[in-house]
1. What is the packing order of peptides 617-623, 347-353, 246-252, taking the mean over residues of other C-beta atoms within 10 Å and listing the highest first?
2. Would you work out the relative contact order for the chain, in percent, from Cα pairs under 8 angstrom that are 6 or more residues apart?
3. Which distance in nm do the two modelled labels at N445 and K584 give, with both placed 7 Å along the Cα-to-Cβ direction?
4. Just the number, please: carbon plus sulfur as a percent of the accessible area of the chain, 1.4 Å probe, no ligands or DNA/RNA counted.
5. Placing unit charges on C-beta atoms (Lys and Arg positive, Asp and Glu negative, everything else neutral), compute the dipole magnitude of segment 1-86 about its Cα centre in debye, rounded to 20.
6. Mind giving me the FRET efficiency for R561 and R43? R0 is 51 Å, r the Cβ-Cβ distance, nearest 0.05 is fine.
7. For segment 81-165, count all C-alpha to C-alpha pairs, find those more than 14 Å apart, and express that count as a whole percent of the total.
8. For G373, what residues show an amide H to amide H distance below 5 Å, using hydrogens built from the backbone and excluding near sequence neighbours?
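The values are calculated or read from the model by the stated rules, or taken from the named source; none is laboratory data. Quantities reported herein were computed from a predicted structural model and do not represent experimental measurements. No Cβ is skipped: glycine too gets one built from the backbone with ideal geometry, and neighbour counts run over all protein chains shown. The area values use the complete protein model at the heavy-atom level, side chains included, leaving out ligands, DNA and RNA. Shrake-Rupley method; radii C 1.70, N 1.55, O 1.52, S 1.80 Å.
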Amino acid sequence: MSNYHIKNLEEYYQIYRKSVRDPENFWSEIAEEHFTWRKKWDRVLEWDFKKPEVKWFAGGKLNITENCIDRHLLTKGDKTAILWEPNSPDEPAVKISYKELHERVGRFANVLREQGIAKGDRVCIYLPMIPELAIAVLACARIGAIHSVVFAGFSSTALATRINDSDCKMVITADGGFRGAKTIGLKAIVDEGLTQCDGVEKVLVVKRTGEDVHMHKGRDLWLQPLLDEAYSRCDPEVMDAEDPLFILYTSGSTGKPKGMMHTCGGYMVYSAYTFKNIFQYKDDDVYWCTADIGWITGHSYIVYGPLANGATTLMFEGVPSHPDYGRFWEIVEKHKVNQFYTAPTAIRALAKEKLDYVDRYDLSSLKVLGTVGEPINEEAWHWYNDNVGNNKCPITDTWWQTETGGIMIAPIPYATPTIPTYATLPLPGVQPALMDEKGEEINGNLVSGRLCIKFPWPGMARTIWGDHERYRTTYFSGFENMYFTGDGALRDAVGYYRITGRVDDVVIVSGHNLGTAPIEDAINEHPAVAESAIVGFPHPVKGNALYGFVILKEVGESRDRTNLSKEINQQITEHIGPIAKLDKVQFVPGLPKTRSGKIMRRILRKIASGDDSSLGDISTLLNPEVVEAIKEGVIKT
Ligand code: PRX
């Protein structure tokens, strides 16, 4: 029996048991049978969660692009690798075959080399969802440069912080991008950001919107003329399995984002293996993940996982609401999409609109539906199941993280029976544990606790770029010999997992992982603000929205509060991006604090959610009187 492709529940259990009994053998068989290596590894796994240190396939030599492109050329050269659907339905879709992808990645990679980029250099990619984004990512991987993709919705300050943190030598951007009815001037944002970055030597600019942009002499170059001059053949750099492949920033509980570093070999094996099983991909299928490549979902399940399996992966430039709320379904019909992977927040937004937007289109090509990024509520699950899947497509609710590199807990379609809101069972190789607050593992079923992982898996991030100690304290110090996810979960009577949400200071808004600390830092820079605390509260579409409690410097501050709220949101937009804006801002005389000065967010969360009936014992607070004042001023609508 092949371990690679699980087809039914019995196989799942057999393979899962084997993966736990003998993880090294399990992963080495998969790695050997399904991938191209220039040299076999010396050791399958070395690990020590105390240090922490994890190495998979060390000494093995490979290039991930050879696995994602070259090895498909003989058998699938003319097959569409990337199917690009533009923002506007009036612009034709573009099909890029594996052969063309090979040439375009080769040309781009040669341009990078000519512009001084070598193995190990960091390249920041700040692009809209156009084919050049996927090609730039692969071109970096081709020559062993480490890509750091920054989502093109981040502000110039957020971009600059990320560029500086990993010392990027180059930025790849576009004149602008189209998103729905809007045009976003990306080059201008880069120019602004680069006033704070000394290390960037070159900026390559893709022409997309055609608007006028300033080109900084000696630094900025249009990409197309360079590509026109470049050779298409580019021999791949031979990488060690443990060499870095990319850095991707995720927010944390301090102001500084964490540059999660993923490596070539383990990440390739894990993203490819999970893609195959979670989407049950068959050779002629068209697969579509609606995420942006600026997030981990796009890295693993638009680019690397699908291409490593020789799949056709659809990339969409636009948004679900433009030109109307039927856009997703129009694309499914047009390209006969077989697997569709999106976020619960998108489902909730579309479920609010007339059903006619869905019913207008023929969705009968669909076989598998997926969700990712946040818990899916029961109502949204049923809407998705009834109206999009027509009750015939299994829904795979996939739980994972930027840090895990790939899907960890999720039903395998057509094998694992699904229950709404349950991510169900761990994938082979994943050993979850629920822990209590004392650090003891909670065994048995019908229990809940903090979700940890007991054993390494190939896709896990190896470090936080430039800060291994933070990697240790964030993920490996809370529970001995365990990776701590930051999530809470419950295990039901049959061993299914349901993720209940974050147990730290991260809030998931519209599927985006937002640390409260960087937002508070941004607010506190406003001259009128003394201190602030951000918490999440339930929102019907976004899942969670942000509620800010703000103390002003001058008590009785006479300025217009509505304007101040706007300025605070403007401040957040400039420092982070519009995704982190607050839905509600309440000006408060103080914040509830413990005697050691720590803000009691639990109390603020309760108040913000409109349920202040059971705040628990507040008498131990330094300033219990402040709670009443906050309750009185709470913003209800
Ligand atoms: O809280 C979990 C939530 O998203 C967090 C990870 O966010 P990020 O690193 O941005 O990656 C998102 C895409 C993989 C997790 O710690 N999360 C993700 N998927 C689910 C989820 N919560 C519940 N159910 C899910 N399926």
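1. My ranking of the peptides, most packed first, is 246-252, 347-353, 617-623.
2. Relative contact order for the chain comes out at 12 percent.
3. 3.9 nm
4. Result for the chain: 48 percent of the exposed heavy-atom area is carbon or sulfur.
5. 180 debye
6. Numbers: r = 62 Å, r/R0 = 1.21.
Rounded to the nearest 0.05, the efficiency is 0.25.
7. When every Cα pair of segment 81-165 is considered, 66 percent fall beyond 14 Å.
8. The list, which skips near neighbours in sequence, is W400.
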